[in-house]
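Okay, structure first, notes after.
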Protein chains: 2
Amino acid sequence: MTISEVREKAMLAQEAAAAMNRMTTEQKNKALLMMADALLEHQGQIIAANGQDLSRGRDNGTSDSLLDRLALDGVRIAGIAEGLRQIVALPDPVGTVLDDFRRPNGLSIQAVRVPLGVIGMIYEARPNVTVDAAGLCLKTGNCVVLRGGSAALESNRAIVAILKQALEAAGLPQDAIALIEDSDRASVNEMLKLNGLLDVVIPRGGASLIRNVVENATVPVIETGAGICHTYIDESAQPGMASDIAFNAKVQRPSVCNAMETLLVHSSHAGKHLPALAARLREAGVELKGCSKSQAIVDGLLTVEESHYATEYNDYILNIKVVENLDEALAHIRQFGTKHSECIVTENTEHAERFMQEVDAAAVYHNASTRFTDGFEFGFGAEIGISTQKLHARGPMGLPALTSTKYRIAGSGQIRG
Amino acid sequence: MTISEVREKAMLAQEAAAAMNRMTTEQKNKALLMMADALLEHQGQIIAANGQDLSRGRDNGTSDSLLDRLALDGVRIAGIAEGLRQIVALPDPVGTVLDDFRRPNGLSIQAVRVPLGVIGMIYEARPNVTVDAAGLCLKTGNCVVLRGGSAALESNRAIVAILKQALEAAGLPQDAIALIEDSDRASVNEMLKLNGLLDVVIPRGGASLIRNVVENATVPVIETGAGICHTYIDESAQPGMASDIAFNAKVQRPSVCNAMETLLVHSSHAGKHLPALAARLREAGVELKGCSKSQAIVDGLLTVEESHYATEYNDYILNIKVVENLDEALAHIRQFGTKHSECIVTENTEHAERFMQEVDAAAVYHNASTRFTDGFEFGFGAEIGISTQKLHARGPMGLPALTSTKYRIAGSGQIRG
């Protein structure tokens, strides 16, 4: 019986997991620094391999924006290596004692953080994710099986070969980092069913990649990604603050999951201040779609349709809806929100508290832009993604999200009566 | 378009979730006490409905042990009601502030515990689980959609009707507890795909029920259940303590997941002490299967086969394997363990530490029976199950396992630069 590449590499990673579990923080940090040095030292190899990916991409008619995500040069490689050094500086969560108590029968029980084991990463053609994910998994004592987009295969091959050499030089098991080179979609689907060999799968990428993982995985998944985020400007909002927050949430970087897709405005605020805000957004190149009430206030709005409220544009497009009160805003968010990041701008503390309490989302904001939902902005350092599910980790995931727990029970012969 | 029972009840539960999220601990506790009172007051109805289930079960040739699990009488109902009162006494995790910090830009960030939302419970014909699950979910501010085994349908109908009346009398939304009455297997499979309406599914039952859930769910799952647990008696173990711990782990309640299925014994200990331990186990009715080395030490052992090591007997059957050292024991556990509960009996602290560190399991024991892996034994109170996965919750799950977190961010107009 022949064993597939996916299964074989996952089995080797499981074997390496036991050794990784024994590594000290010092050993792991040393390996991370050696990985950073090795990427810089061998950047010529990486750039050459990346050139093959880029030229194949061009031949295949890949869009410029995708080619830009794929492209590596000395500056980008230096940035990627610097990312590994930043992971060294983060505290190691493994071994942290989360609970420590003694039972009346004398049993001493500790809950301690332990690595998850073997993490499967499924992502697109961004070679920086290869290094990021490897670094974050390594720091937390995990092994990682990487399945990047086939458009970055040569780049990833070169990078992973260099990282493995650094692992070996640092005395860590090479099998702790594995790259799936099989570029067939079947290799992804095989990973999704590898219960017992992969402890968790984390998808990073667009909506269709994530949907495929969520719908087909039997291995536990940490879902990241989709964000239909709202900003609600309440009656009592300060007009200047409201305009700045809404503008920032839409325009500062529209392509990301924590950007605003729909602006909800209280009717009395809208009458006075929506025209100026709409003009400011248009000047920044935002296409505006409005409900009938907002169309009566602002000239030339396109007509928003119900399906638009359920669309994550990730682009310079915005829906505007005028609401009569907080309850209408809450109901809209309940219907269309993806439980990612939601904001209220208000000077009314009672309304703020209701919004913060009642909106079901990973992050709820009072008087601040939703764009802050991010591991660096929260002070967690590099992140493996922003979890949009409620189990295990919610919101920006720092290193603890890559750990599990174990109960250690010390006795002196206790038996159960 | 007609909506299925499952979808309709899950949608109503989602609507009720917003109201449940606003309930205070006092309101929830009052409802739990009223539920306990109502079960006692209307026990006649429950016992009558249970009688219908029992007589149908007898007609269908249901086994006595299953009928016993299904049967309710005044004493059992009193025990179930008492379980609800015990949940009242547990601390409410919702609202607990897990993290609270301020960023250099002035943003104040809190991580707080919130309900998961709507929990789907899939279980077998044990009416006590209906009440347990409803009580634990209610205490944590969650709504619950219950799908119990069809053999208990009449009992569950009567119980849930009584619980809903109590909810209403306490001012809580009736839709917070829903029972799926469709006894077709399709209703289970529909629940497993209800992403967006169910926030998590928890299976409780035998291996095939759990496998079906894990293999088919697209909704996040908390896996509970299977346990192939080992006790390793090291060379330096105290013979009396080792015998007591192994005997307890096998015999005290063989039908549960934390009972021992395979005994690993160091060869030098086995030569001196295995015959006496084997005799003690046999006297308690345990059928013993042994490897060739143990067959050379103990007369009349059946021959253990590789597949037996991978079997969860949940019965008076035990595999015995003689090993030459700790490494061989660790390798066996790595190959056959289900990462539930594992024990070493030893006086060698270095060996104990290696075992506790290297064995990958929810609970690792030094000199105590694996039978202690249990919410009550850990002091957590009633449990929703013992998680055998690494995400979210591992080991006995107390009330916090039924919560998620939310970041609350308070600003004064911060925008991202």
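The values are calculated or read from the model by the stated rules, or taken from the named source; none is laboratory data. The shown structure was predicted, so the numbers you read here are calculated from the model rather than taken from an experiment. Here the Cβ is made from the backbone with ideal geometry for all residues, glycine too, and neighbour counts use every protein chain on show. Note: accessible area is taken over every heavy atom of the protein model, side chains too, but ligands, DNA and RNA are not part of it. Shrake-Rupley method; radii C 1.70, N 1.55, O 1.52, S 1.80 Å.
For B:Ser150, the test of being surrounded by fewer than 24 Cβ atoms within 10 Å (Cβ to Cβ) and either within 18 Å of B:Leu70 (Cα to Cα) or under 25 Å from the mean Cα position of the chain (by Cα) (or both) is passed. Does the stretch B:317-335 contain any residue that is in contact with an Asp or Glu (Cβ under 6 Å, 6 or more places away or on another chain) and surrounded by fewer than 21 Cβ atoms within 10 Å (Cβ to Cβ)? So far as the stretch B:317-335 goes, yes, one or more of its residues are in contact with an Asp or Glu (Cβ under 6 Å, 6 or more places away or on another chain) and surrounded by fewer than 21 Cβ atoms within 10 Å (Cβ to Cβ). Each residue in the stretch A:387-396 was checked for being more than 7 Å from every other protein chain (Cβ to nearest Cβ) and either out of contact with any Gly (no Cβ under 6 Å at 6 or more places or on another chain) or of a type in the set (Ser, Thr, Tyr) (or both), and 3 pass.
The residues on offer are A:Ala31, A:Ala19, and the sole one that is modelled with pLDDT under 95, in the same structural domain as A:Val129 (by TED's automatic domain parsing) and either open to solvent by less than 30 Å² (accessible area, probe 1.4 Å) or under 23 Å from A:Arg113 (Cβ atoms) (or both) is A:Ala19. Considering (1) under 18 Å from A:Ala246 (Cα atoms); (2) more than 25 Å from the chain's Cα centre (by Cα); (3) not hydrophobic (A, V, I, L, M, F, W, C), the lone condition that A:Glu342 does not fulfil carries the number (2).
Examine the stretch A:77-85 for a residue that is part of a strand (DSSP E or B) and out of contact with any Gly (no Cβ under 8 Å at 6 or more places or on another chain), and state whether such a residue exists. Within the stretch A:77-85, none of the residues are part of a strand (DSSP E or B) and out of contact with any Gly (no Cβ under 8 Å at 6 or more places or on another chain). Tallying residues that are closer than 26 Å to A:Met35 by Cβ and not in a helix (DSSP H, G or I) within the stretch A:46-72 yields 2.
Scanning the stretch A:388-413 for residues being assigned to a strand (DSSP E or B) and either in contact with a helix residue (DSSP H, G or I) (Cβ under 7 Å, 6 or more places away or on another chain) or aliphatic (A, V, I, L, M) (or both) gives a total of 4. For the stretch B:402-413, the criterion of being open to solvent by 10 Å² or more (accessible area, probe 1.4 Å) and more than 7 Å from chain A (Cβ to nearest Cβ) is met by none of the residues.
Can you find a residue that is part of a helix (DSSP H, G or I) and open to solvent by less than 10 Å² (accessible area, probe 1.4 Å) anywhere in the stretch A:340-350?
No, that holds for no residue.
Is it fair to say A:Tyr309 is within 20 Å of A:Arg253 (Cβ to Cβ) and either assigned by TED's automatic domain parsing to the domain that holds A:Arg354 or touching a helix residue (DSSP H, G or I) at 6+ places or on another chain (Cβ under 9 Å) (or both)? When the stated conditions are applied, A:Tyr309 does not pass them.
The conditions of being more than 24 Å from A:Ala361 (Cα to Cα) and at the interface with another protein chain (Cβ under 10 Å from one of its Cβ atoms) are met by B:Thr370. Within the stretch B:351-365, the set of residues being open to solvent by less than 40 Å² (accessible area, probe 1.4 Å) and touching a Gly at 6+ places or on another chain (Cβ under 8 Å) comprises B:Val359, B:Ala361, B:Ala362, B:Ala363, B:Tyr365.
Yes/no per residue for (1) touching a residue at least 40 places away in the same chain (Cβ under 8 Å); (2) under 14 Å from B:Leu90 (Cα atoms); (3) in contact with a strand residue (DSSP E or B) (Cβ under 6 Å, 6 or more places away or on another chain):
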site	(1), (2), (3)
B:Gly385	yes, no, yes
B:Pro396	no, no, yes
B:Thr405	yes, no, yes
B:Arg416	no, no, no
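Counting only residues that are more than 26 Å from B:Glu15 (Cα to Cα) and facing another protein chain (nearest Cβ under 9 Å), the stretch B:107-122 holds 2 of them. Among the conditions (1) more than 10 Å from chain A (Cβ to nearest Cβ); (2) surrounded by 22 or more Cβ atoms within 10 Å (Cβ to Cβ), the only one that B:Gly375 does not satisfy is (2). If only residues of the stretch B:277-287 that are in contact with a helix residue (DSSP H, G or I) (Cβ under 7 Å, 6 or more places away or on another chain) and more than 20 Å from B:Glu312 (Cβ to Cβ) are counted, the one that is surrounded by the most Cβ atoms within 10 Å (Cβ to Cβ) is B:Leu277.
Annotation: B:Ala158 fulfils all but one of (1) among the hydrophobic types (A, V, I, L, M, F, W, C); (2) open to solvent by 10 Å² or more (accessible area, probe 1.4 Å); (3) touching a strand residue (DSSP E or B) at 6+ places or on another chain (Cβ under 6 Å); the unmet one is (3). Scanning the stretch A:1-38 for residues that are outside any helix (DSSP H, G or I) and of a type in the set (A, V, I, L, M, F, W, C), we see that the one that is farthest from A:Gly83 (Cα to Cα) is A:Met1.
Could you please let me know if A:Asp100 is more than 25 Å from the chain's Cα centre (by Cα), in the same structural domain as A:Met397 (by TED's automatic domain parsing) and among the charged types (D, E, K, R)?
Yes.
Is one or more of the residues making up the stretch B:117-130 surrounded by fewer than 18 Cβ atoms within 10 Å (Cβ to Cβ), touching a residue at least 12 places away in the same chain (Cβ under 8 Å) and in a loop (DSSP other than H, G, I, E, B)? Checking the stretch B:117-130: not a single residue is surrounded by fewer than 18 Cβ atoms within 10 Å (Cβ to Cβ), touching a residue at least 12 places away in the same chain (Cβ under 8 Å) and in a loop (DSSP other than H, G, I, E, B).
Residues of the stretch B:302-324 include none that is without any contact (Cβ under 8 Å) to a residue 60 or more places away in the chain, in a loop (DSSP other than H, G, I, E, B) and within 29 Å of A:Arg113 (Cβ to Cβ). In summary, A:Leu138 fulfils each of the numbered conditions (1) under 30 Å from A:Gln414 (Cα atoms); (2) of a type in the set (A, V, I, L, M, F, W, C); (3) open to solvent by less than 20 Å² (accessible area, probe 1.4 Å) with the single exception of condition (1). Cβ-Cβ distances below 7 Å connect the following pairs, each with a first residue in the stretch A:38-65 that is within 14 Å of A:Ile159 (Cα to Cα), a second residue that is open to solvent by 60 Å² or more (accessible area, probe 1.4 Å) and modelled with pLDDT of 95 or more, and a separation of six or more residues or different chains: A:Ala38/A:Gln165; A:Ile47/A:Asp73; A:Ala49/A:Arg157. Look at B:Lys339 and say whether it is more than 11 Å from chain A (Cβ to nearest Cβ) and basic (Lys, Arg). No: the conditions fail for B:Lys339.
Applying the selection to the stretch B:84-106, what residues are more than 9 Å from chain A (Cβ to nearest Cβ), open to solvent by 40 Å² or more (accessible area, probe 1.4 Å) and not β-branched (Val, Ile, Thr)? Scanning the stretch B:84-106 gives B:Arg85, B:Gln86, B:Ala89, B:Pro91, B:Gly95, B:Leu98, B:Asp99, B:Asp100, B:Arg102. Out of A:Gly117, A:Gly106, one residue alone is assigned by TED's automatic domain parsing to the domain that holds A:Thr25, among the small types (Gly, Ala, Ser) and in contact with a Lys or Arg (Cβ under 9 Å, 6 or more places away or on another chain). It is A:Gly117.
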